[in-house]
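Undergrad: First, the structure itself, so that you have it in front of you.
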Amino acid sequence: MSGSSNHFDLLIIGSGPAGFTAAIYGTRGGLKTGLLGGAAPGGQLLNTTEIENFPGFETPVNGPDLMIHMLNQAKRLGTEVFQEDAVKVDFKASPFAVTGSSARIYTARAVIAATGARARWLGLPSEKKYLGKGVSGCATCDGFFYRGKEVCVVGGGDTAAEDALFLTKFASRVYLVHRRDQLRANFRLQEKLKAHPKIEIIYDSTPEEMLGDARLTSVKIKNVKTGAARELIVTGAFIAIGHTPETAIFEGRLKLDEAGYILTDGHTKTSLPGVFAAGDVMDRYYKQAVVAAGSGCMAAMEAEKYLENSK
Ligand code: NAP
């Protein structure tokens, strides 16, 4: 079906679980499938050390290892994987055109946007230093490792509240550090937080520094109103201050919601026929690898149907 080596039936942008699952389904569906995966294919799971909640692994799987398996599986089935970012998309006419960071132009009749979302970080140098060594962006992924330990969660939204409640299953004490005097989390979650004997909410405070040796041992926080400093003796710090979807290249081309996530029809169709979205780039809520993989499958099946019907 392709005219040139850069032309595909289906082009996938992104190399997390959504992108690779879409690639596996697209290729197995008989589509000439290309995937732009960035310089280091793998997405957010490259930052996760041990994954225990992705079905199929009896013992925890290392994030980068899981992604290598997905990459190799997609390649073995015939997906062409390109190690460059998509820097521009042209969706004005079919076939759609996507420009890579090398300036190479790829064309395809169907595109799946699976560019993900990146967890927001505080931006402290010490936060970076202890990432994966006590500092985490995912309580669901890493909470289990803090059984009997004291931890803190930073943020005041639904995610921070849910993370704090989830962590009480393992941790002996959970500090919730929020920068304002009011939580953003919904009322029900707030009630639960306030009633929980293991949770202490610390208002008007932000982390100043993460301290430790090989691993995190404490977090220095400061009250933004009084300037008072306090050191929380914690071995885990969960940063839950929101996510930013990676949708810059789609702005003005696809309908996005107010937070920048790609709007879909409830499944994976975007506002533009032939362009589908899967994974965290269209998922404000779950942000789980297995959910992203599931939506990658859905997007590829919808793309297949679209290509079949628009021949
Ligand atoms: P969010 O609602 O954007 O909340 C982010 C929180 O982090 C806010 O409390 C914010 O403080 C704080 N924050 C942001 N930048 C910060 C910084 N630099 N330093 C310190 N604190 C900072 O994000 P989210 O909680 O991840 O939720 C995202 C969306 O998913 C929301 O629409 C939420 O309702 C939804 N969600 C729903 C559920 C559920 O319904 N079960 C579960 C999870 C998420 P301010 O309050 O001062 O802005």
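Undergrad: Which whole-number percentage describes the relative contact order of the chain, with Cα contacts under 8 Å and a sequence gap of 6 or more?
TA: Over the chain, the number comes to 20 percent.
Undergrad: Which order do peptides 152-163, 78-89 fall in by mean Cβ count within 10 Å, highest first?
TA: Output ranking for 152-163, 78-89: 152-163, 78-89.
Undergrad: Let me ask something else about it. Non-local amide H neighbours of Glu200 (under 5 Å, H modeled in plane, Pro and chain starts lacking H): which ones?
TA: The answer is Val174, Tyr175, Leu176.
Undergrad: From the Cα trace of segment 138-202, what convex hull volume per residue do you get, rounded to a whole Å³?
TA: 66
Undergrad: Given labels modelled 7 Å from the Cα in the Cβ direction, how far is it in nm from Glu209 to Arg188?
TA: That separation, rounded to one decimal, is 4.2 nm.
Undergrad: Shifting gears a bit: Quick one: net charge of Arg284's neighbours, Cβ under 11 Å, K/R +1, D/E -1?
TA: Combined, the nearby Lys, Arg, Asp and Glu give -4.
Undergrad: A further question follows. Would you calculate a helix-derived [θ] at 222 nm for the chain, using -39,500 (n - 2.57) for each DSSP H run of n ≥ 4 and dividing by the full residue count, to the nearest 500?
TA: -7500 deg cm²/dmol
Undergrad: Are there DSSP H segments in the chain that both extend 20 Å or more along their axis (alpha-carbon positions) and score a mean Kyte-Doolittle hydropathy of at least 0.0? List them, or say none.
TA: Within the chain the helices that satisfy the rule are 289-309.
Undergrad: Evaluate the distance, in nm, between pseudo-label points positioned 7 Å from the Cα of Ile68 and of Leu272 along their respective Cα→Cβ axes.
TA: Label at Ile68, label at Leu272, 3.6 nm between them.
Undergrad: Using 0.36 nm per residue of separation minus the Cα-Cα distance, give me the extension gain between His196 and Lys88 in nm, one decimal.
TA: Extra length available between His196 and Lys88 comes to 34.1 nm.
Undergrad: Here's another thing I want to ask about it. Within the chain, what whole-number % of the accessible surface is contributed by carbon and sulfur, with the 1.4 Å probe and all protein chains included in the calculation?
TA: Percent of accessible area from carbon and sulfur atoms in the chain: 51.
Undergrad: Let me ask you something else. Rounded to the nearest 10 Å², what accessible area does Leu46 show when all protein chains are kept and the probe is 1.4 Å?
TA: The accessible area of Leu46 comes to roughly 60 Å².
Undergrad: At a threshold of 8 angstrom on Cα-Cα distance, excluding pairs fewer than six apart, so keeping six or more, what relative contact order does segment 121-239 reach in percent?
TA: For segment 121-239, the relative contact order is 31 percent.
Undergrad: Here's something else I'd like to know. Give me the accessible area per residue for the chain, probe 1.4 Å, as a whole number in Å².
TA: Here the residues of the chain average 48 Å² of exposed surface.
Undergrad: I've got another one for you. In terms of the ratio Rg/(2.2 N^0.38 Å) built on C-alpha atoms, what value belongs to segment 268-311?
TA: Against the compact-globule rule of thumb, the ratio is 1.19.
Undergrad: Just to confirm my numbers, what's the Cα centroid distance between segment 77-155 and segment 242-288 in Å?
TA: The two parts, judged by their Cα centres, are 14 Å apart.
Undergrad: Give me the net charge of Asp90's neighbourhood, meaning all other residues with Cβ under 15 Å from the Cβ of Asp90; Lys, Arg count +1, Asp, Glu -1.
TA: +4
Undergrad: Just how many % of Cα pairs in segment 178-300 lie over 26 Å apart, if you round to the nearest whole percent?
TA: In whole percent, the long-distance tail amounts to 46.
Undergrad: Can I ask one more? Subtract the Cα-Cα distance of Arg147 and Trp121 from 0.36 nm times their separation in residues, and report this length gain in nm to one decimal.
TA: Net length gain for the segment: 6.9 nm.
Undergrad: Top mean-square fluctuation among Asn223, Asn186, Asn72, Gaussian network model of the chain, C-alpha springs under 10 Å?
TA: Looking only at Asn223, Asn186, Asn72, the largest GNM fluctuation is found for Asn186.
Undergrad: May I pose another question? Too long at a 25 Å Cα-Cα cut-off: which of Lys129/Lys149; Lys75/Lys255; Lys92/Lys305; Lys129/Lys198; Lys225/Lys287?
TA: Pairs exceeding the cut-off: Lys75/Lys255; Lys129/Lys198; Lys225/Lys287.
Undergrad: While we're on this one: Apply 1/(1 + (r/R0)^6) to the Cβ-Cβ distance of Ser102 and Ser310, taking R0 = 22 Å, and write down the FRET efficiency to the nearest 0.05.
TA: 0.15
Undergrad: Give the Rg/Rh ratio for the chain, taking Rg as the radius of gyration of the Cα atoms and Rh as the Kirkwood radius, to two decimals.
TA: 1.03
Undergrad: Note down, for segment 236-311, the three equivalent ellipsoid semi-axes (square root of 5 times each alpha carbon gyration tensor eigenvalue), biggest first, whole angstrom.
TA: 25, 16, 8
Undergrad: Turning to a different aspect of this structure: Among all cysteines in the chain, which have no other cysteine Cβ under 4.7 Å from their own Cβ?
TA: Cys152, Cys297
Undergrad: Can you list the equivalent-ellipsoid semi-axes of segment 22-92, largest first and in whole Å, using the square root of 5 times each Cα gyration tensor eigenvalue?
TA: 25, 16, 10
Undergrad: Could you work out the mean projected area of the convex hull around the alpha carbons of segment 121-239, in square nanometres to one decimal?
TA: 6.5
Undergrad: How charged is the neighbourhood of Ile112? Take every other residue with its Cβ under 15 Å from the Cβ of Ile112, and add Lys/Arg as +1 and Asp/Glu as -1.
TA: -2
Undergrad: Rank Gly148, Gly137, Gly236 by mean-square fluctuation in a GNM of the chain with C-alpha springs under 10 angstrom and give only the top-ranked residue.
TA: Greatest mean-square fluctuation among the candidates belongs to Gly148.
The values are calculated or read from the model by the stated rules, or taken from the named source; none is laboratory data. Remember, predicted model here, so these are calculated numbers, not experimental data. All Cβ positions, even for glycine, are placed from backbone atoms using ideal geometry, and neighbour counts span all protein chains on display. Remember, those area values only see protein heavy atoms, side chains included, never the ligands or the DNA or RNA. Shrake-Rupley method; radii C 1.70, N 1.55, O 1.52, S 1.80 Å.
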